[in-house]
Amino acid sequence: MAITSDYALGYTKSEHDRLIRQATRIAPYTERLFREAGIGPGQRVLDLGSGVGDVSMLVARIVGPSGEVVGVERDAHSIARANARVAEAGLCNVSFTQADVNQIIIDKPFDAAVGRFILMFLPDPASVLRSLTRLIQPGGILAFQEPTWIPLLAFSARFPLWSKLLSAIHETFLCSGVNPEMGPALYRMFQEVGLPAPAMHMETPLGSDANFTDLLCDLMSSMRPLAQQHRVSLDALGNLDTLSDRIQAEVTASNTVVSFVPMVGVWSRKPTAN
């Protein structure tokens, strides 16, 4: 089984740039999750669906020079950009491999496997988690950060245009087989693949500046071809070229904050032999 079907949002330069902007904003939340899960100096960590390298580089700084991070990614262009960014950052403990999860060749087990916003895109995430457990040593960590859209949609209801934007993204996800409730689903899924019931928490960034609201406007731009493919109407959003400015005007006029996608942090340890 492949690590994923074709990534729903594509591999264009604009999508890579969007991922980097998003990663910059949510990095503290991801770092907090990994540290709480027990990832630390000297560990060898696998990053599933490493993309352009943001999570891998974040973990590389946590594990330090004595640790190692291996990013697994299916897209060669993403790996090329990730390698360039790692070199620019001066990190010597990160490498990337182009592979499917069931084709990863290892010389020794990992101490941890991690990922962010990746399981939601997989056609069979339980099978992937089961494969990952075979790649980590007993007592090793599995830690993932995945979304839940239900509270986001509820919180956005008071903003007419913002709410329409989120609804269009959510509908497109559902039509394309993406699971926007992957975060809460992991409680049961971890146990189904033989892991202990995971520890979990949910964090929700809030903001009102244009850079914040643009995180989801940019997501809509990446998803536009997918929405058209699945005949999800975007008419209620008006001209997409001016959507960002109109969203920001709505939020500014409200004199309050809107929410980014709530992120569910989930972690557990592989059982040790009796």
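Rule-based calculations on the coordinates, nothing more; no lab input. These numbers come from a predicted model, not from an experiment. With ideal geometry, Cβ positions are generated from the backbone for all residues, glycine too; neighbour counts draw on all protein chains shown.
If the chain linking Ala199 and Thr12 were pulled fully straight, counting 0.36 nm for each residue of separation and taking away their Cα-Cα distance, it would gain 63.8 nm. At q = 0.07, 0.08, 0.16 Å⁻¹ the log10 of I(q)/I(0) for the chain amounts to -0.25, -0.32, -1.27, computed by Debye summation with a single uniform scatterer per C-alpha, solvent ignored. What's the center-to-center distance, using Cα atoms, between segment 168-218 and segment 8-58 in Å? Value for the Cα centre distance between the two parts: 15 Å.
Please state the relative contact order of segment 104-222 as a whole percent: Cα pairs under 8 Å, 6+ residues apart?
27 percent
Our compactness index for segment 94-234, the C-alpha radius of gyration over the empirical 2.2 N^0.38 Å, is 1.22.
Summing charges over neighbours of Thr242, with a neighbour being any other residue whose Cβ is under 15 Å away from its Cβ, gives -3 when K and R count +1 and D and E count -1. Length available on full extension from Ser233 to Thr97: 0.36 nm per residue minus the Cα-Cα distance, which gives 45.2 nm.
Entry note, the chain: relative contact order of 22 percent, from Cα contacts under 8 Å with a spacing of 6+ residues.
Among Phe260, Phe110, Phe155, the residue with the largest mean-square fluctuation in a Gaussian network model of the chain, with springs joining Cα atoms closer than 10 Å, is Phe155.
Give me, ordered by chain and number, the residues 5 or more places off Phe110 or on other chains with an amide H under 5 Å from its own placed amide H. Those qualifying (amide H under 5 Å, at least 5 residues apart or on another chain) are Ile136, Gln137. Within the same chain, aspartates and glutamates fewer than 8 places from Lys270 are excluded, and of the rest, those with a Cα less than 15 Å from its Cα are Asp111, Glu192.
Close amide H contacts of Phe96 (hydrogens built in the peptide plane, cut-off under 5 Å, sequence separation of 5 or more or a different chain): Gly71.
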